[in-house]
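Laboratory data are not the source of any read-out in this text; all were calculated from the coordinates shown. Please read all numbers here as calculations on a predicted model, not as lab measurements. Backbone-built Cβ (ideal geometry, glycine too); neighbour counts: all protein chains shown.
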Amino acid sequence: MVAAANAANSLPGYGVDKKIPGQGDFSLTMLDWIKKQKERITSPRLDWVQIEVTSHCNAACIYCPHTVIKERRQNGHFPLTLFRDLLPSLGHTNMVFLQGWGEPLLHPDLFEMVRLCKNEQKIVGFTTNGLLLNKKNIHTIVDLQVDILGVSFAGTTSTTHNRIRKGTDFDTAVAALEYLQRIKTEKNITRPAVHLAYIMLASNVDELCRITDLAKRTGAEQVVASNLSLILKPELSQEALFNNPQRLNEYNRILAETKKKAAHSNILFAYRTPVLDETSQVCPENVCRACVINMAGEVGPCVFANPISSKSTGKLQDRQIVAIFKGRPIPLKTFSFGNINDNGLSRIWHSKKYRAFRKVYEPGTNPAAEEVPLEMPSSCKTCYKRLLSS
Ligand code: SF4
């Protein structure tokens, strides 16, 4: 937070515009400067902001919106100009994670965005599928002092991983991480911290036990094992661990074994037991102190609020996009509190609508009744993430 405050004082975004008072249109520059300063001062105090720098992807993972609702998505890159305009709104934000439903390394200006954030003394990270982690990009990541590099896995063997994360390549990702580790050792540096993101499915969870070996081999500090939370077609339902309660003992044994192995190797292992808690009123996404901005500039509480870039009304019509929730198709609605193309992030964050939403999830405000509050948005009511929060 101190670093963010310093950044606010030094107004580093000012120089980016390449206009200084006394040159060019002075009054316009001053007005712009005042607007930016005001946005910086009123910017929300957030732990992190996640920005979907691109919604393009070069892979076709079997469970991802990219693959399942491919023809309904509108893909694009987050414009660099919009990113620059957004920076004053991040004045009191600690971390910027450049990630959404897409492969960040496909954005031609990703590294410029990293540089701009580092200039503002932000913690910066992103997650990649590893396909573009070539030597050149690895050296740039190291030189720019990216803080966190996540790499996604869906297995600890190439056969399983490549079957699920179609278009990616297990061996390529592992080789890239080994190279990165070598560079870090040579330079005697610890950043970027490598995190492995493992999607747990019924058809790959048996390989999770070996993720610690993979983490050690690739120099990863942390493993995050996630459940499949957004199910976009009926055939994928059985891949969600929580839809296989008859295998719960097996899952618990695998998770306990992985946790033990990780602890033994000093690797942080984060996961949630695949058991649904129907009365959970907790969102695990830190929605009161973080937000997500999608490629189109829409601001929401999580990536699940905007898995599609086009607007969806949620009406059950022909070709309506649906998610499968408890065996039934549920209209998939997009969920936004405003667009940064129209209003500053500060204004959106402090809006009545957004404040009312956060009130539902504020820690310590859980109503006594063991029921989901009526004010909870419908998308949250049918969200597996919430049910898996305990
Ligand atoms: S409950 Fe689900 S949809 Fe609602 S904010 Fe949390 S993660 Fe997003």
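Relative to its Kirkwood radius, the Cα radius of gyration of the range 142-185 gives an Rg/Rh of 1.05. Within the chain, antiparallel bridges make up roughly 25 percent of the DSSP beta bridges whose residues both belong there. The convex hull built on the alpha-carbon positions of the chain has an orientation-averaged projected area of 20.5 nm².
When H107, H92, H139 are arranged by Cβ crowding within 10 Å, least crowded first, meaning fewest neighbours, the order is H139, H92, H107.
The Rg/Rh ratio for the range 208-248, using Cα coordinates for both the radius of gyration and the Kirkwood hydrodynamic radius, is 1.12.
Among E112, E186, E298, a tally of other beta-carbon atoms within 10 Å of each Cβ gives an order, fewest to most, of E186, E112, E298.
Averaging 1/r across all pairs of distinct Cα atoms in the range 219-282 and inverting the result yields a Kirkwood radius of 13.4 Å. For the chain, the mean residue ellipticity at 222 nm estimated from helices alone is -9500 deg cm²/dmol, where every DSSP H run of n ≥ 4 contributes -39500 (n - 2.57) and the total is divided by all residues, rounded to the nearest 500. Checking every one of the trypsin sites (Lys or Arg not before Pro) in the range 36-120 against DSSP loop status and a limit of 15 other Cβ atoms within 10 Å picks out R45. Taking other C-beta atoms within 10 angstrom as a stand-in for reagent exposure, C209, C117 fall in the order C209, C117, fewest first.
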